[in-house]
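Take a look at the structure below.
The values are calculated or read from the model by the stated rules, or taken from the named source; none is laboratory data. Everything quoted here is computed from the prediction, not taken from an experiment. All Cβ positions, even for glycine, are placed from backbone atoms using ideal geometry, and neighbour counts span all protein chains on display. These accessible areas exclude ligands, DNA and RNA; they are computed on the full protein's heavy atoms, side chains included. Shrake-Rupley method; radii C 1.70, N 1.55, O 1.52, S 1.80 Å.
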Amino acid sequence: MTSTTTSAATTEQAVPAPVAATVDYLDRRVGLGFAIRGLARKLFPDHWSFLLGEIALYSFIVLILSGIFLTMFFVPSMAEVHYPENALPVTMQGVEMSEAFASTLNLSFHVRGGLLMRQIHHWAALMFVGSMVVHMLRVFFTGAFRKPRELNWVVGFTMLVLSLLAGLTGYSLPDDVLSGNGLRITDGVVRSIPIIGAYMSYMVFGGEFPGTEVIPRMFTLHILLIPGLILALLALHLFLVFWQKHTQYPGPGRTDKNVVGYPLLPVYTAKAGGFFFIVFGVLALMGATMSINSVWNYGPFDPALVSAGAQPDWYMLFLEGSLRLMPGQTEFVILGWTLSLNVLIPAVVVPGLLFTFLGAYPFVENAITKDVGEHHVLDRPRNAATRTALGTAFLSVFFVLLVTGANDLVATHFGLSLNAITLVLRVLIFVLPVVVFIVTKRVCLSLQRKDREVVLHGHETGIVRRTADGRFYEVHKPLDEYERWVRVGHHVYRPLELPPREDARGVRRPGGRADGIRTRLSRFFFEDRVEPVTPAELAAAQSHGEHDELPAAPEGSSAAELAGTRGTSH
Amino acid sequence: MSIEKSSHSGEHRELGGSAGLPERFENPGLEPHRHRLADSDPKRAKRSERQIALIFTISILASIAGVVGYAVFPVDIDRASVLNVRWSTLVVGLGLGIGMLGIGVAAVQWARALMDDGEKIEDRHPMSAGPAAHQQSLEILRQGADEANIARRPVLKGAIAGALALAPLPFLVPLIGNLGADWDISKFKRTAWAPREDGSGDPERFFEGTYRYLARDPQDTKIRAADVTNGNIVHVIPHGLPEEEHYLEEKAKAVVLLVRVDPSILKEAPERADWSYDGIVAYSKICTHVGCPVALYEQQTHHVLCPCHQSTFDITDAAKVVFGPAKRALPQLPIKVDPEGYLYAAADFDEPVGPSYWQRER
Ligand code: HEM
Ligand code: FES
């Protein structure tokens with residue numbers, strides 16, 4: 001606020017006449033003045049992890065630009081042609097193939113910069129989905145999804161789902177052996193849907209697989225419908241970020257009622273705008289130097305061929321893994337109707353559950369905390385131990401699926417039996433998340449205790465002194481108030497204490513059951529906790545000297561027990 | 001200015017309770033700003049400026065080099081070479097990449113080294129427009145509903161809901177109705193191996209005009225039983241299929257694996273005793289999991305493996321599943337030989353090939 005007013009005076013002299021005239025022109029017609037006054041000095045907090053969403057945004061722009069280039073030369077048709085005898089590559093001369101595949105070859109060999117654009121497009125797609133996922137993890141682990149940003153989480157989540165569809169449809173377009181087999185697997189998965197599966201397969205392919213419709217259809221979805229939807233959601237997403245203002249990491253001077261950061265003009269514009277060019281530059285360099293999806297090595301789609309060891313793009317690998325993990329015994333015939341749970345569960349139910357967990361998480365957590373306040377200061381992941389543990393447990397499931405998706409590579413690389421690896425992974429998918437949950441939670445709580453210790457006794461300096469009576473102790477450097485604040489400023493939730501389900505006369509009250517579940521969940525979330533140091537505790541620790549016994553963490557919680565194992569600095 | 005956190009049910013407990021100390025620490029406010037060396041040293045600032053200008057210059061040169069690379073390495077049909085394609089991709093790409101990267105690095109460096117780096121504070125306001133505005137908006141909505149007289153015209157309410165629900169149908173029904181072409185899913189059950197019961201088949205492709213010959217994929221040559229050697233796998237299509245209509249759709253269902261094993265290790269159900277010929281068996285190549293071609297044959301174990309999700313089938317035991325996510329055995333194609341020793345299909349598969357679906361057994 002202050003900066004907006006002080007800079008006004010200097011602006012007047014500095015702005016060159018043509019700029020002033022343009023601003024004036026636009027202001028008189030569309031009220032640009034409101035926008036500049038309201039937005040140009042808006043503050044943006046700065047942190048490397050806030051760049052992740054930007055990478056996704058810029059990769060998307062690169063996708064659109066390189067995609068426009070590709071549409072000029074790609075022919076989305078499944079009509080059969082013979083590849084010209086004089087065209088490159090030599091291995092494909094005279095081979096029968098679809099126009100889609102022929103135009104992809106032509107694009108790669110006979111359009112200057114065509115191969116570059118194909119490779120940039122593919123690398124950008126991988127970067128786009130990757131940065132989006134990591135961005136989402138940042139939002140999750142820092143609690144940035146909390147009120148008032150739950151809706152923007154849902155917007156972002158929808159974009160993630162759409163981007164997977166964008167990748168799937170794009171991967172199908174070149175009509176090589178890999179893309180054809182990808183479509184074939186899609187067909188098999190769609191058919192497993194009870195009752196309507198076979199009809200849905202007809203709907204996708206316009207009849208039997210592969211037909212002649214699917215690539216033109218995928219093309220329209222890929223270049224019009226899906227990017228259009230993503231673009232619309234992106235606009236909404238960014239508008240909400242602007243409108244609600246960015247969150248900030250905890251730190252001195254940062255509160256839920258202010259924003260500390262750099263103004264849009266000039267610093268943020270220079271950094272964020274510059275970052276666009278960096279992302280574009282990196283993707284162009286990747287496209288220039290790293291070949292990807294060299295489709296002429298696989299050849300045109302032929303339903304009898306498959307390349308062993310071929311992997312789908314990384315964001316589809318978890319589905320592949322999920323399909324591999326499922327034992328086949330789970331297909332049943334009931335009254336003559338076939339129910340293929342061996343496909344339905346791994347390809348529809350498992351991703352459905354994973355995605356539902358993601359999409360619904362903010363609302364679940366809010367139902368448990370019953371928190372009504374607005375949150376603009378982020379959590380340090382350690383201070384939200386249960387959430388962090390749930391997140392890592394989720395990731396461990398995802399990780400097991402990824403490894404399963406590459407189990408053949410693991411087997412050949414380490415000389416192990418494929419079947420043995422798969423059996424182990426079948427167990428791990430259930431055991432690992434539980435282990436990871438417990439371990440993560442412990443780690444978070446001990447990090448919190450470490451914070452307490454540092455606040456009470458300062459940083460270790462490595463300098464050892466001897467007291468008059470011959471004992472040794474290490475000198476600790478006390479924290480300054482800014483450093484300390486990061487470790488003591490957070491809020492600690494306690495389990496909800498709701499009225500019991502039944503009143504004194506044993507009569508159930510309405511809503512008692514839901515409250516019971518909520519109480520139990522909230523105990524699960526917040527039973528183990530470590531309280532931040534209070535001024536009184538710090539004063540007590542200091543009056544005893546920094547090499548004294550630490551006061552135990554506040555009473556009552558099982559965290560106090562855990563804290564008993566904490567080392568002290570005698 | 002302590003942080004006021006959200007309300008929640010647990011109350012704060014008195015901790016420590018020493019007189020005069022607050023219950024919690026207070027937010028100390030922003031740390032004092034540390035100035036960069038360049039802020040006080042004009043020479044350093046000048047150096048940063050020169051450095052940034054240099055990076056911009058590199059970007060300019062790279063962009064020019066990229067365009068030159070476009071001109072220097074032709075890839076049109078009569079002048080193309082794989083080398084030209086490679087160089088063109090590399091030089092144009094490096095030009096584009098370094099051109100972009102240069103702008104980005106220079107801009108970020110400019111922001112970091114030369115722009116005002118003091119963090120600023122701005123107030124946030126609650127997202128809500130406030131209770132008064134809330135009241136007003138409800139009032140406005142009520143007034144709108146009043147003026148439209150919705151409450152007193154229940155018939156209209158029902159009518160508009162019905163009209164809105166039905167109006168999309170003339171759009172959606174043709175859209176979805178056309179997508180599935182003829183919706184005739186019984187085609188899943190028939191393959192190109194089906195005999196021409198009327199004997200109308202081309203004698204080159206059909207034995208006695210009725211039964212389809214087996215042929216090698218992709219050469220499309222007929223297969224003599226004597227040429228199928230022990231332990232080798234032959235990839236098979238119906239003879240003459242490549243010239244027919246719907247070639248890919250038919251091929252996607254009809255591809256077959258042909259293997260000869262020692263007849264003594266072949267376990268055959270009595271009703272399938274005449275489906276094989278002298279140890280030669282033919283199975284669908286389409287995986288019963290989700291439909292990849294089952295392409296890998298292990299000679300020692302007589303297993304075939306699907307590379308997609310590793311379902312493994314035992315050729316000597318009716319192609320039953322021995323491992324992996326598939327449930328059903330690969331469908332078997334009954335084969336016979338004609339008087340000249342060529343293999344032909346005595347009948348179509350007796351079940352749909354490939355992935356399962358709800359109506360599969362109906
Ligand atoms: C929304 C995010 C997008 C993703 C994740 C994505 C992903 C992909 C992928 C993985 C491919 C296969 C590339 C290859 O050949 O190796 C592809 C192909 C293609 N994409 Fe995209 N794409 C996106 C947006 C777009 C847009 C906006 C356009 C056009 C305006 C476009 C046009 C094309 C075309 C024409 C092809 C086929 C060209 C070829 O295979 O050589 N894409 N896309
Ligand atoms: S398609 Fe063969 S195992 Fe999945």
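In Å², nearest 100, what accessible area do chains A and B bury in total when the solvent probe is 1.4 Å? Don't skip to the answer; put the middle values down first.
Values: alone 30800 and 25350 Å², together 45120 Å².
Counting both chains, the buried surface is close to 11000 Å².
Taking GluC sites (Glu not before Pro) as exposed when DSSP calls them loop (any state but H, G, I, E, B) and at most 14 other Cβ atoms lie within 10 Å, what is the longest stretch of chain A free of them, the sites themselves excluded?
Details: sites that count: A:85, A:497, A:527, A:549, A:555.
It works out to A:86-496.
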Which log10 I(q)/I(0) values does the range A:103-164 give at q = 0.17, 0.29 Å⁻¹ under the Debye formula, counting every alpha carbon as one identical point scatterer? -0.66, -1.12
When ligands, DNA and RNA are left out and all protein chains stay put, how many square angstrom of accessible area per residue does the protein assembly as shown have with a 1.4 Å probe? 48 Å²
Would you check the accessible area of residue A:168, probe 1.4 Å, heavy atoms only, in square angstrom rounded to 10? 60 Å²
With a 10 Å cut-off between alpha carbons and a GNM built on chain B, which of B:188, B:171, B:73 moves the most? B:73
Could you bin all the Cα-Cα distances of the range A:423-503 into 10 Å bins starting at 0 and give me the percent of pairs in each, rounded to whole numbers? 13, 23, 22, 21, 14, 5, 1
Count neighbours as other Cβ atoms within 10 Å of each site's Cβ, and list the GluC sites (Glu not before Pro) in the range B:198-298 that are DSSP loop with at most 14 such neighbours. B:204, B:208, B:244, B:245
Probe 1.4 Å, all protein chains present, accessible-area order of B:155, A:129, B:337, largest first: B:155, B:337, A:129
Could you work out which residue, out of B:149, B:232, B:27, moves most in a Gaussian network model of chain B, that is, has the largest mean-square fluctuation with Cα springs under 10 Å? B:27
If you average the C-alpha positions of the range B:338-362 and of the range A:406-460 separately, how far apart do those two centres end up, in angstrom? 49 Å
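If N is the number of residues in the range A:184-316, what value comes out of its Cα radius of gyration divided by 2.2 N^0.38 Å? Walk me through the numbers on the way to the answer.
Working: Rg = 23.1 Å, N = 133, 2.2 N^0.38 = 14.1 Å.
Compactness ratio reported: 1.63.
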Could you give me the ³J(HN,Hα) list for the range A:197-205, computed from phi with Karplus coefficients 6.51, -1.76, 1.60 and θ = phi - 60°, whole Hz, x at Gly and Pro? x, 5, 5, 5, 4, 4, 5, 5, 9
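Provide a whole-number value for the mean count of partner chain Cβ atoms within 10 Å of the Cβ atoms in peptide A:404-413.
Values: counts 1, 1, 0, 2, 4, 0, 0, 1, 0, 0.
Partner-chain Cβ atoms within 10 Å, mean over residues of A:404-413: 1.
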So which trypsin sites (Lys or Arg not before Pro) in the range B:206-270 pass both tests, a DSSP loop state and at most 16 other Cβ atoms within 10 Å of the Cβ? B:267
Looking only at trypsin sites (Lys or Arg not before Pro) in DSSP loops with at most 10 other Cβ atoms within 10 Å, what is the longest site-free stretch of chain A? A:1-470
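Give me Rg/Rg_expected for chain B, where Rg uses Cα atoms only and Rg_expected = 2.2 N^0.38 Å with N residues. Walk me through the intermediate numbers first.
Values: Rg = 38.3 Å, N = 362, 2.2 N^0.38 = 20.6 Å.
Ratio of Cα Rg to 2.2 N^0.38 Å: 1.86.
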At q = 0.09, 0.18 Å⁻¹, what is the log10 ratio I(q)/I(0) for the range A:44-301, with the Debye formula run over Cα points and no solvent? -0.50, -1.37
Take chain B, connect every pair of alpha-carbon atoms lying under 10 Å apart with a spring to form a Gaussian network, then pick out the residue of B:223, B:64, B:185 with the largest mean-square fluctuation. B:64
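Return the average number of partner chain Cβ atoms within 10 angstrom of each residue Cβ along peptide B:123-133. Walk me through the intermediate numbers first.
Numbers: counts 6, 10, 2, 5, 7, 2, 0, 0, 0, 0, 0.
Average neighbour count from other chains, rounded to a whole number: 3.
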Compute the angle between helix B:169-179 and the longest alpha-carbon principal axis of chain B, please, reported from 0 to 90 degrees and rounded to the nearest 10. 50 degrees
Along the range B:232-245, Karplus-curve 3J(HN,Hα) (6.51, -1.76, 1.60; θ = phi - 60°) to the nearest Hz, with x for Gly and Pro, reads 8, 10, 10, 8, 10, 10, x, 4, x, 4, x, 8, 8, 5
Provide the solvent-accessible area of residue A:203, counting protein heavy atoms only and rolling a 1.4 Å probe, rounded to the nearest 10 Å². 60 Å²
Along the range A:268-275, Karplus-curve 3J(HN,Hα) (6.51, -1.76, 1.60; θ = phi - 60°) to the nearest Hz, with x for Gly and Pro, reads 5, 4, 5, 6, 5, x, x, 5
Treating every alpha carbon of the range A:152-219 as one equal point scatterer without solvent, the Debye formula yields log10 I(q)/I(0) values at q = 0.20 Å⁻¹ of -0.84
Which whole number of Å³ per residue matches the convex hull of the alpha-carbon atoms in the protein assembly as shown? 282 Å³
Percent of accessible area on the protein assembly as shown owned by carbon and sulfur, 1.4 Å probe? 64 percent
